[in-house]
Amino acid sequence: MLPGVTLPASLAELLGALRPVFTAPSSGTFCGLVAGLAGQVRRRTVCGMLLGACLGRVWPHDRAHYFFAQAAWELDELGLAVARLVVAALVPEGAAVTVAVDDSVFRRAGRKVFGACWQHDGSVPDRAKKSFGTCFVTVGIVVSLPFCTRPVCLPVLARLYIPGHGTPHAPRQGGAVVVPGSKIALAASLVTLLAGALPGRALDVVGDAAYHGPALRHLPPGVTWTCRLPKNAVLHALPPPRVPGTRGRPPSKGPRLGTPADVAATAHFTPATVRVYGRAQHTKVAAADCLWYGSFHTRPVRVILARTRASTLALITTDLATTPTGLITRYAARWSIEQAFADARTVLGAGEARTRTPRSVARTVPFALLTHTLVITWYARHGHDPADITARRTAQPWYATKTEPAFEDMLTKLRRTLITTRISGGSAVTPTPSQTRAVLAAWHAAAA
């Protein structure tokens, strides 16, 4: 296999599809660090990845640091290669690809951490909603797995965002190249890259209320955008047809319709049942074609209103073909990217690497997010076994209603596969389950 690296054949096949992105030395380092990040149960720093892969006495630690700080590989190219892998493995052929966009702050400490600053963090429990760290705008592919009732988001592209200073993009050997841009402009550029890497595939993008703006006026053909409509957005009717024989420029927009609340006050709602968050929900929906001149200029859009006893949800979309209930279900799937951030941060350790230089900071968190995607892809293709859930309920009886795997279960299955491969490497004898459990028990006891 690789010097010092022992991988199961299933994982080696998966990572082998990404080999063209790297040079030969970087490809081996990448495989070792992916296995190390997945296998590490304590501090998931760069050196911790070496320990997780049992390479601490095989590779010098600067090999791992060099991979993030100076090695000649492009983060976007790696993300697009992972995206093609995900679509080929988990998205039905010819089906539209649902894409979620969002940003998340990974907390850091220290004045010399590149890109770290105080910025808005919605996950902070206090009222200020601010934390000190690095912010990454992320694009993920939302898939339906046969063993999960909820949609799952697999991050594929991520870039560092610095408020008011621009965005480090495409770092090269001489350092990071900084180009100005807002979060929405950054998200639009990442979606454009993804659309170019998936020719012939329609992309249905969903985002929260922060992801709207003039940057969305030039999306590639085949890309639709759906987001929550801000309450202060001003909508207009479609422009009237031009009367033959009239002079002057035709009007670019029709009469003012007002804010979403104004539109909802005059809309006709009909009862409907939508499936959101894994369950059916009864609601009332209304739809209207209009213009949102501030964000989409003269492109026709559709407003979707969903009313419950508690509140009214207003969505805006460039997708004029999908039914209102289908759009609401698609938007509800956006929450899966929030779950992906939480799993990558708390279970996998994204953001724990103590890097400080521009290239290292711009690469380590996206590397962890891509590892999160590779773990789920590996589990869906090679690791799923219904008996795993039965074993989890037996070991932890308080999970009496657990019927499907969480990301932690998928990662645990990969760790056990890595351990089995490592202790049987070079031997024709496969270790017994009791031997594997003994190694696992010792590992978890050392990490306690």
Which of (i) 43, 26, 20; (ii) 47, 21, 20; (iii) 29, 29, 20 is the computed semi-axes √(5λ) of the Cα gyration tensor in Å? It is (i)
Any chance you could check the Cα centroid distance between region 56-124 and region 224-271 for me, in angstrom? 39
With all protein chains present, how much of the accessible area of the chain (probe radius 1.4 Å) comes from carbon and sulfur, to the nearest whole percent? 57
Filtered hits (aspartates and glutamates, Cα-Cα < 18 Å from residue 183, offset >= 8 within chain) -> 76, 102, 103, 121, 208, 338
Mean residue ellipticity (222 nm) of the chain, computed from DSSP H runs ≥ 4 via -39,500 (n - 2.57), nearest 500: -11000 deg cm²/dmol
Roughly how large, in nm² to one decimal, is the mean projection of the convex hull of the alpha-carbon atoms in region 1-151? 11.8
Treating only the Cβ of Lys, Arg, Asp and Glu as charged (+1, +1, -1, -1), what charge dipole size does region 1-82 show about its Cα centre? Round to the nearest 20 debye. 440
Tell me the per residue accessible area of the chain using a 1.4 Å probe; a whole number in Å² is fine. 47
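Magnitude of the Cβ-charge dipole of region 253-406, K/R +1 and D/E -1, about the Cα centre, nearest 20 debye?
260
Which whole-number percent gives the relative contact order of the chain, counting Cα pairs below 8 Å spaced six or more residues apart?
Values: 771 pairs, mean separation 74.7, N = 448.
17 percent.
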Of the listed peptides 63-76, 273-286, what is their order by residue-averaged count of other C-beta atoms within 10 Å, with the highest listed first? 63-76, 273-286
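Placing +1 at every Lys and Arg Cβ and -1 at every Asp and Glu Cβ, with all other atoms neutral, what dipole size does the chain have around its Cα centre, in debye to the nearest 20?
900
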If each K or R counts +1 and each D or E counts -1, the residues other than residue 388 whose Cβ falls under 13 Å of its Cβ total +2
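I need the peptides 122-128, 145-151, 108-114 ranked by packing, meaning the mean over residues of other C-beta atoms within 10 angstrom, with the highest value on top.
Details: 122-128: 9.6, 145-151: 15.1, 108-114: 12.7.
Ranked by mean Cβ neighbours within 10 Å, highest first: 145-151, 108-114, 122-128.
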Sorting 26, 86, 56 by the position of each Cα along the dipole of region 22-88 (Lys, Arg +1; Asp, Glu -1; all at Cβ), the one nearest the positive end of that ordering is 56
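Kindly provide the Kirkwood hydrodynamic radius of region 17-105 in Å, to one decimal, from all pairs of distinct alpha carbon atoms. It would help to have the intermediate numbers written out before the result.
Numbers: mean 1/r = 0.0675 Å⁻¹.
About 14.8 Å for region 17-105.
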Within region 226-245, the residues whose backbone N lies under 12 Å from a label point placed 7 Å from the Cα of residue 299 along the Cα-to-Cβ direction are 226-227
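The values are calculated or read from the model by the stated rules, or taken from the named source; none is laboratory data. Quantities reported herein were computed from a predicted structural model and do not represent experimental measurements. All Cβ positions, even for glycine, are placed from backbone atoms using ideal geometry, and neighbour counts span all protein chains on display. The area values use the complete protein model at the heavy-atom level, side chains included, leaving out ligands, DNA and RNA. Shrake-Rupley method; radii C 1.70, N 1.55, O 1.52, S 1.80 Å.
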